[in-house]
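> Here's a structure for you.
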Amino acid sequence: MDTLAQRETWLAAIAGAHDAAQLAAVETHLFGPKGVVLELVRSVTSLPKEQRPAFGKAANAVKQEVEAALAAQREAFAQQALARELGAADFDPTEPGPRRARGALHPITIVQNELVDLFTSLGFQWQDGPEVESEYFNFDALNIPADHPARESQDTFWLEPHAGLGKNLLRTHTSPVQVRTLQRAVAQGFEPPLKVIVPGRCFRSETVDKSHEHTFYQMEGLVVDRVRGEHGVSTANLIHTMKTCLRVILERDVQVRLRPGFFPFVEPGFELDVNCPFCKGQGCSVCKQSGWIEILPCGMVHPNVLQKGGLDPEQFTGFAFGMGLQRVVMLRYGIDDIRQFMGGDLRFLQQFPEVAR
């Protein structure tokens, strides 16, 4: 009980502190690792059982009173410091305060949102699918043969097999959503035309360099209609859609070329290339000295893919395309190293006009 009598001494020490530094020293003496107030509270366990309730109640009351006195004195010193600052000769109350940093959208997200807005204005609907995909939807349903190099572990991140679940992997493209969407549409009573876009993250076992990443973003597009529908679907529709997309998203007229390309899930297949903006077609490390950057693999949907989706290829046809969003952003802003997107460097992100400061 003699320790309880020190209450007045403790409160006097708090009241007698001349500044925040002295108050901090008093607080350490009272509530530090070996603080006297905490030792007082802990001493309850050493008393006989019949004395513990009364002593514990009194000790807790002292502890709360001392804590309240510390808080009040701390606030008083803070107010005094503020008053001195406001009364200083160099204080200007009209000067704006510091700008508070705030979050912003990543440039890939900015471009993805613009593409979604563009295609939805053209009648497309946004679809999504799982990033952990089955071998069937990632390869089999897309007409990719069992001996295709893309199935090898040097190209694909395969997951540990689980009983009854089959072989799963991190999807290598957003194309599996094509078949999933077709199957869902057929199950719900398919009414053509079908126009969907599928933005999303993909994974490939790539060697990371200036133009390749193991984790990247794509946007898939799919249009399906009757072979002899009211509007029809042809290669001409595909080319027009791609040129419209590039003109809007790159914010300038670009030189493009369409060349034959083989992709198991389209027939015929094409590669839509854009003239390299870094070397103006002269050849550089980004375009691998070709003067062109591959940006839009596309083509007419293969009949086998339509069948896997539940449609008769004699009655329906369509086109599909897929673009790497990182490459679109690189072309738009003149970025020559794809690794910047995954680096997390704020200095890189703050260069873009759409990013809030």
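No lab work stands behind these numbers, since they all come straight from the coordinates. These numbers come from a predicted model, not from an experiment. So basically every Cβ, Gly included, is an ideal-geometry build from the backbone, and we count neighbours across all protein chains shown.
> When the chain is fully extended, how far beyond the present Cα-Cα distance does Ala20 get from Arg226, taking 0.36 nm per residue of separation?
Once the chain is fully extended between Ala20 and Arg226, it gains 66.2 nm.
> What shape does the range 1-158 have by the C-alpha gyration tensor, where a ≥ b ≥ c are the square roots of the eigenvalues, rounded means a/c under 1.5, and otherwise prolate means a/b greater than b/c and oblate the rest?
Judged from the Cα gyration tensor, the range 1-158 comes out oblate (a/c at least 1.5, b/c at or above a/b).
> Which of these, Val132, Val36, Val254, has the largest mean-square fluctuation under a Gaussian network model of the chain (Cα springs below 10 Å)?
Comparing Val132, Val36, Val254 in a Gaussian network model of the chain, the most mobile one is Val36.
> Need one number: nm distance between label points at Glu85 and Glu191, each 7 Å from Cα along Cα→Cβ, rounded to one decimal.
Once both label points are built, they end up 6.4 nm from each other.
> I've got another one for you. Along the charge dipole of the range 1-116, which of Val111, Ala83, Pro48 sits closest to the positive end, that is, farthest toward it, with unit charges on the beta carbon of Lys, Arg, Asp and Glu (+1, +1, -1, -1)?
Pro48
> Continuing with the same structure: Given points 7 Å out from each Cα along the Cα-Cβ axis, report the Leu11 to Thr207 separation in nanometres with one decimal.
Simple spin-label model gives 7.7 nm for this pair.
> So which of Lys210/Lys308; Lys167/Lys308; Lys243/Lys288; Lys210/Lys243 end up more than 30 Å apart, counting from Cα to Cα?
Those over the limit are Lys210/Lys308.
> Cysteines of the chain lacking any other cysteine beta carbon under 4.7 Å?
So far as the 4.7 Å Cβ criterion goes, Cys202, Cys245, Cys298 stand without a partner in the chain.
> Hey, another quick one. What number do you get for the range 85-188 when its Cα radius of gyration is normalised by 2.2 N^0.38 Å, N = residues?
1.93
> Determine the sum of side-chain charges near Leu170: Lys and Arg each +1, Asp and Glu each -1, restricted to other residues whose C-beta is under 15 angstrom from that of Leu170.
Around Leu170, the surrounding residues sum to -3.
> How large is the direction-averaged shadow of the alpha-carbon convex hull of the chain, in nm²?
That works out to 33.1 nm².
> Now for a different question. Please arrange Met242, Met342, Met323 by how many other C-beta atoms lie within 10 Å of their C-beta, fewest to most.
Ranking Met242, Met342, Met323 by Cβ neighbours within 10 Å, fewest first, gives Met342, Met242, Met323.
> Return an integer: the convex hull volume of the alpha-carbon atoms of the range 241-348, in Å³ per residue.
131 Å³
> Counting only other residues whose beta carbon sits under 11 Å from that of Gln315, what net charge do I get with K and R as +1, D and E as -1?
-1
> So what's the net charge close to Ala69: Lys and Arg +1, Asp and Glu -1, counting the other residues with Cβ under 15 Å from its Cβ?
-2
> Given the Cα-Cα distance of Asp345 and Lys288 and 0.36 nm per residue of separation, how much length would full extension add, in nm?
Full extension of this stretch gives 17.9 nm more.
> Percent relative contact order of the chain, based on C-alpha pairs within less than 8 angstrom and at least six residues apart?
The normalised contact order for the chain reaches 16 percent.
> For the chain, give me the percentage of DSSP beta bridges that are antiparallel, rounded to the nearest 5 percent.
If I count the DSSP bridges inside the chain, around 95 percent turn out antiparallel.
> In addition: Taking H as built 1.01 Å from N, whose amide H comes closer than 5 Å to the amide H of Gln255, not counting residues under 5 places away?
Excluding prolines and chain starts, which carry no amide H, the hits are Asn275.
> Ok, one more. With only alpha-carbon atoms in the gyration tensor, what are the semi-axes of the equivalent ellipsoid for the range 4-86, in Å, largest first?
31, 11, 9
> Quick check for me: using +1 on Lys/Arg Cβ and -1 on Asp/Glu Cβ, what's the dipole size of the range 50-94 about its Cα centre, in debye to the nearest 20?
Using Cβ point charges on Lys, Arg, Asp and Glu, the range 50-94 gives about 360 debye.
> Would you mind telling me which residue in Ala61, Ala187, Ala320 has the biggest mean-square fluctuation in a Gaussian network model of the chain, where springs connect alpha carbons within a distance under 10 angstrom?
Result: Ala61 has the largest fluctuation of those listed.
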